[in-house]
1. Is it the case, given these coordinates, that residue 457 is more than 14 Å from the chain's Cα centre (by Cα), surrounded by fewer than 24 Cβ atoms within 10 Å (Cβ to Cβ) and either in contact (Cβ under 8 Å) with a residue 12 or more places away in the chain or not assigned by TED's automatic domain parsing to the domain that holds residue 360 (or both)?
2. Count, please, the residues in region 483-529 that happen to be of a type in the set (D, E, K, R), in contact with a helix residue (DSSP H, G or I) (Cβ under 8 Å, 6 or more places away or on another chain), part of a loop (DSSP other than H, G, I, E, B) and closer than 29 Å to residue 291 by Cα.
3. Just name the residue that is surrounded by the fewest Cβ atoms within 10 Å (Cβ to Cβ) out of those in region 471-501 that are closer than 14 Å to residue 88 by Cα and polar (S, T, N, Q).
4. Taking region 93-118 as the region of interest, how many residues are more than 13 Å from residue 138 (Cβ to Cβ), out of contact with any strand residue (DSSP E or B) (no Cβ under 7 Å at 6 or more places or on another chain) and either assigned to a helix (DSSP H, G or I) or hydrophobic (A, V, I, L, M, F, W, C) (or both)?
5. Every residue in region 366-402 that is out of contact with any Lys or Arg (no Cβ under 8 Å at 6 or more places or on another chain), of a type outside the set (A, V, I, L, M, F, W, C), part of a helix (DSSP H, G or I) and in contact (Cβ under 8 Å) with a residue 12 or more places away in the chain, please.
6. Please determine whether any residue of region 195-215 is assigned to a helix (DSSP H, G or I), without any contact (Cβ under 8 Å) to a residue 60 or more places away in the chain and touching a strand residue (DSSP E or B) at 6+ places or on another chain (Cβ under 6 Å).
7. Kindly indicate whether residue 413 is in contact (Cβ under 8 Å) with a residue 60 or more places away in the chain, surrounded by fewer than 24 Cβ atoms within 10 Å (Cβ to Cβ), not assigned by TED's automatic domain parsing to the domain that holds residue 82 and not in a loop (DSSP other than H, G, I, E, B).
8. Looking at 78, 46, can you tell me which residue is modelled with pLDDT of 95 or more and hydroxyl-bearing (Ser, Thr, Tyr)?
Amino acid sequence: MREREVQVLRNARLVGIAGAGSETAGPGSETAGPGSETTGPRSETTGPGAGLVDVVIARGRIVAVAPGADAPVGAEETDLDGRWLLPGLVDHHVHFATWARQRARVDVSSARSARQAAGIIADAVKAGAAARSGTLVARGFQDALWPATPTADLLDRAAADGGQPGLPVAVISHDLHAVWLNAAAAARYGAPHAGLLREADAFAAEQAIDAEAAPRTAGLLADAVAAATARGVTGIVDLQMEDNLAAWRERIAGGVTGLRVRAGLYLSHLESAVERGVRTGDEVPGTGGLLTAGPLKLFSDGSLNTRTALCSHAYGDAPALPRGGYGHAAHEPEALRAHLARAREAGLEIALHAIGDLAVTWALDAFEATGARGSVEHAQLVRPEDVPRFAALGVTASVQPQHAMDDRDVADAVWADRAQDAFPYGALARAGAPLAFGSDAPVAPLDPWVAIAAAVARTDDDREPWQSANAVTVEQALAASVAFPKVSPGRPADLVAVERDPFTASGAELRTMPVAFTVCAGQVTHSAL
């Protein structure tokens, strides 16, 4: 949608969130925890017609907030008619291009066995799902509780049953840490073997699949940006496993301007970034302030569903789960410390993937030893003694609350004696840890309202809340999801207007929060008015 040089948003009810925003919180963040400008909780209104204000925007920033504000000459006016206005929402952990592609792929997430997944794929082949690309890529399987291991033969038979014997078939797992290939797909994507791949082998296969799909991605990206802005998103931290800065610079130059992007990088890009003097927070020239350099993404372990999250205890018994095994260490502690020290010297923050409790301990140890800044990504199982270390070290817990809902059954099965320490958002909040919410899209929907609802309600179906002691308040959830705490002059014009008061909405109402209007850098990116 077109940018408006000067505009006025009339009759808004402001929502202020105490404690929101942090220096590492993502695109648009300009505040920093204690001592930052905050306002108390709850919407700044007392009833119909009360507390309404106008917000004047010029050149991408808020210049005035007042009742009955004068409109500058030539300003375009929008009447919000009493809707609730809050700072734009930020998803602090996405894989954006993968999410854009996954939205168009065959979904097997409903399958409760490899055989059921193969049946869904056979039907998709019959329906012509592979007609354009000559391969079928599906998504969303979770095999942790499946009764049998997925095999290449099942996918070969699915292709034959669909009428295309020999068709390459690749299925990417829900958490992106596993890929299931038939023989033709293994040959096509250079995999070491057919069947089930995990961790590094899976990542390599995904990159090959995405590289093949890249020429067809442009339209998918535009659709994905529109879908995100329709949910009030104004900024993302993109941890796509590619040369992200270059990719987003090209996209923005090509007109994809609906989001602020903090683009992460990986070890394969580190030395090049150091040579170019790239530092976290640097604005990329020529992008109108929409693109900044993000953190260095590192892995400490694997994932819960693949049973490769690094834990201090062996995984328990459950259908299809191996006996014993403590998970996968992507880097030993000494190597982690070396990487963090190198990044700190280069002026780069760290986004350190750590899911199992031992991986979280190693991650915090590395931050403490090096003085590096950044976040632990996921933090799905945390020892009680490690919870206060986040606040003490100033390390952000960058978490994805919908994962707790998607994985509650798996956690109950494989972390049965530690479930009270799983997805411990409430414990982290009570300990003063900086929290940043995200989706890990495509693992969960790129929708901050889904994350907020999951964190507050701890359920997304008709079951009782799961481990409800680790729920957070609406205010804490919003604080972890916005770019800054208050709609006030001087802030970027990154705003979202919604149809309900977030502080009085139920969990189900938060999850489906109707978004009326989204503005990013003064550009109207979504309107349902």
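1. Answer is yes for this residue.
2. Residues that pass the stated criteria total 0.
3. Only one residue fits best here, namely 488.
4. Counting residues in region 93-118 that are more than 13 Å from residue 138 (Cβ to Cβ), out of contact with any strand residue (DSSP E or B) (no Cβ under 7 Å at 6 or more places or on another chain) and either assigned to a helix (DSSP H, G or I) or hydrophobic (A, V, I, L, M, F, W, C) (or both) gives 4.
5. Scanning region 366-402 gives 384, 386, 388, 389, 401, 402.
6. yes
7. yes
8. Result: 78 is the single residue among 78, 46 that is modelled with pLDDT of 95 or more and hydroxyl-bearing (Ser, Thr, Tyr).
The values are calculated or read from the model by the stated rules, or taken from the named source; none is laboratory data. Note that the coordinates shown come from a computational prediction; the quantities given were computed from them, not determined experimentally. Please note: Cβ atoms are built from the backbone with ideal geometry, for glycine as well, and neighbour counts cover all protein chains shown.
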